[in-house]
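The values are calculated or read from the model by the stated rules, or taken from the named source; none is laboratory data. Just so we're clear, the structure is a prediction, and the values are computed from it rather than from any experiment. Because the Cβ atoms are built from the backbone with ideal geometry, glycine has one as well, and the counts that use them run over all protein chains shown. Quick note on the areas: whole protein, heavy atoms, side chains included, nothing else; ligands and nucleic acids left out. Shrake-Rupley method; radii C 1.70, N 1.55, O 1.52, S 1.80 Å.
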Amino acid sequence: MSPFAANLNLIISVFAILAQALVLAVIASVVFKKDWHFTRLAKKHGVLLAFLTALSGTLFSLIYSDIIGFAPCELCIIQRVFLYPQVLILGWLLFKQSVLARKIALWLSIIGAAIGAFHYYGQMFNADALAACETAGISCSKIPFIQFGYITIPMLSITAFVLIIALLLSQRSDSK
């Protein structure tokens, strides 16, 4: 693995951990009706943060496949199908409120997170679950990198989708 790829893996994995902490904080603030400064900021700028999450996920997936050379497996491609349109949808939401666009972004994220969770499960715990998932010699059970003992490409995907869900739902809970 090149030094660029190793450094990128480390940096993006640290951001994934921060995003996971933000998801937990947003959930805790909604459940316990707490109003912490950083969760207020996340709620106030939720669509922008969700847009930046989708944009960075899109860019990083393209960097991994087109620059670093990690060929995407079938499940990675399917997860991209649920992530890429969100750049446009969430970008639209930055300028014009739309209940339909918000619902579409939520459902794309829910489905994408579910596919990512299945992919992660197969990679980490049951490679047999992914036995039929191989295209052009690229197996979905292959792990191109693992950081901090649990962060893989599917975990990055899950984190992005769940962060988008948490940010969009936290704003909705404020408006009720």
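Taking the stated definitions as given, is Gly122 modelled with pLDDT of 95 or more, farther than 17 Å from Thr159 by Cβ and open to solvent by less than 60 Å² (accessible area, probe 1.4 Å)? For Gly122, the condition - modelled with pLDDT of 95 or more, farther than 17 Å from Thr159 by Cβ and open to solvent by less than 60 Å² (accessible area, probe 1.4 Å) - is not met. Figure legend. Inter-residue proximity from the stretch 89-105: first residues closer than 18 Å to Ile165 by Cβ, second residues open to solvent by 70 Å² or more (accessible area, probe 1.4 Å) and not in a loop (DSSP other than H, G, I, E, B), beta-carbon distance below 9 Å, spacing 6+ or different chains. Indicated pairs: Ile89/Ile104; Leu90/Leu48; Leu90/Leu52; Leu94/Leu48; Ser98/Trp92; Ser98/Ile104; Ala101/Trp92; Arg102/Arg172.
Within the stretch 141-161, residues that are under 20 Å from Leu52 (Cα atoms) have Cβ atoms under 6 Å from residues that are buried (at least 24 other Cβ atoms within 10 Å of the Cβ) and at pLDDT 95 or above in these pairs: Pro154/Gly116; Ser157/Gln79; Ser157/Gly116; Ile158/Gly116; Ala160/Thr53; Ala160/Gly57; Phe161/Ser109; Phe161/Gly112, counting only partners at least 6 apart in sequence or on another chain. Filtering Ala21, Ala25 for residues that are of a type in the set (A, V, I, L, M), modelled with pLDDT under 95 and more than 14 Å from the chain's Cα centre (by Cα) leaves a single hit, Ala25. For the stretch 73-88, the tally of residues that are over 18 Å from Leu163 (Cα atoms) and either open to solvent by 60 Å² or more (accessible area, probe 1.4 Å) or without any contact (Cβ under 8 Å) to a residue 60 or more places away in the chain (or both) stands at 3. Every residue in the stretch 9-41 that is aliphatic (A, V, I, L, M), open to solvent by less than 50 Å² (accessible area, probe 1.4 Å) and closer than 20 Å to Leu83 by Cα, please. Those that are aliphatic (A, V, I, L, M), open to solvent by less than 50 Å² (accessible area, probe 1.4 Å) and closer than 20 Å to Leu83 by Cα: Ile12, Ala16, Ala19, Leu22, Val23. Of everything in the stretch 76-92 that is of a type in the set (A, V, I, L, M) and at pLDDT 95 or above, the residue that is farthest from Val47 (Cα to Cα) is Val81. Considering Phe51, Phe70, the condition of being over 24 Å from Gly149 (Cα atoms) and crowded, with 18+ Cβ neighbours inside 10 Å is satisfied by Phe51 alone. For the condition within 30 Å of Arg40 (Cα to Cα), crowded, with 17+ Cβ neighbours inside 10 Å, touching a residue at least 60 places away in the same chain (Cβ under 8 Å) and of a type in the set (Val, Ile, Thr), Ile165 does not qualify.
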